[in-house]
Amino acid sequence: MKRVFFAAAVLLVALGACRKPKPSPEFNEAQGKYSSLVAELGDSAFSDDRMTAVEELLAKVPRDSLDAIAAAELQQKINAERKRITEEAAAHEKAMANALAPPNVDWPRTPEATKEEPVAVPDAGPAELAVGISVDEMRKQSGDCFNSAGSLKLRRSAVDEMAEMWERREVAGCPQKYPQYSGKILVFVGGKLAGSYDRAALKQETPPDQAKPPQPAPVPGKTVVTYPGAPEPGAPVPSPGENTGPGPTEPTPQ
């Protein structure tokens with residue numbers, strides 16, 4: 001009797017060990033309803049009551065069924081989609097609230113600082129030498145574009161002033177940099193620039209001692225006396241004893 005009972009028990013264990021997992025009809029139904037809801041409602045399907053029925057079917061799937069793992073994964077997917085939709089909805093509501101809220105400002109409103117637009121710097125044009133600069137400053141500013149042209153007397157009042165002339169050199173770059181000084185001279189008085197003048201306007205005056213031709217100096221010790229009938233300078237003088245006219249009248253004795 002004992003042998004028969006033991007044999008039956010061994011047979012049942014063997015049958016149980018050979019039993020294979022079977023598909024779950026609950027999972028098949030849940031999966032079909034899930035796919036239909038998402039296709040119909042999109043994200044709204046996860047807040048629909050029919051999605052709750054899908055979750056109830058997934059909970060009934062046996063743990064030893066062939067679909068137990070797939071059922072657990074589908075439930076995780078439903079939970080994750082619900083979380084995503086909830087967070088996106090909250091972010092959207094916050095953005096709308098910020099957009100519709102009145103601006104938070106204090107009145108009276110502080111005037112905003114004006115943004116300064118960059119000012120376009122106009123072309124400076126030809127370089128200009130300022131009146132009053134020294135010769136050294138002029139040479140430092142212009143480089144080698146001017147050289148000395150000698151000295152002159154500048155008559156700006158009753159007193160003549162000694163001045164120095166400088167003129168532009170015709171070397172590369174100088175005519176383009178200083179076109180306004182073509183045909184002009186720079187006049188420096190006391191080492192300072194007094195101005196620029198047209199070279200054609202310069203006048204050369206003859207000194208007073210050279211205005212008349214030189215006169216012959218008188219011979220020392222001789223006085224030249226002219227009288228009526230005297231011979232012209234350079235005419236031959238008659239020799240002694242030659243009288244060409246009446247002689248002097250002798251006085252009458254008294």
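Read-outs: derived from the displayed coordinates by stated rules, not from any lab. This one's a predicted model, so the numbers in the text were calculated from it and none came from an experiment. Heads up, the Cβs are rebuilt from the backbone with ideal geometry, glycines too, and the neighbour counts pull from every protein chain shown.
Just one of the listed residues (Glu170, Glu164) is over 14 Å from Leu129 (Cβ atoms), surrounded by 17 or more Cβ atoms within 10 Å (Cβ to Cβ) and free of Cβ contacts under 8 Å to residues at least 40 places away in the same chain, and it is Glu164.
Given the criteria over 17 Å from Arg84 (Cα atoms) and exposed (fewer than 14 other Cβ atoms within 10 Å of the Cβ), does Ala39 qualify? Taking the combined requirement at face value, the residue satisfies it.
Residues in the range 132-151 that are over 15 Å from Gly190 (Cβ atoms) and of a type outside the set (Phe, Trp, Tyr): 11 in all.
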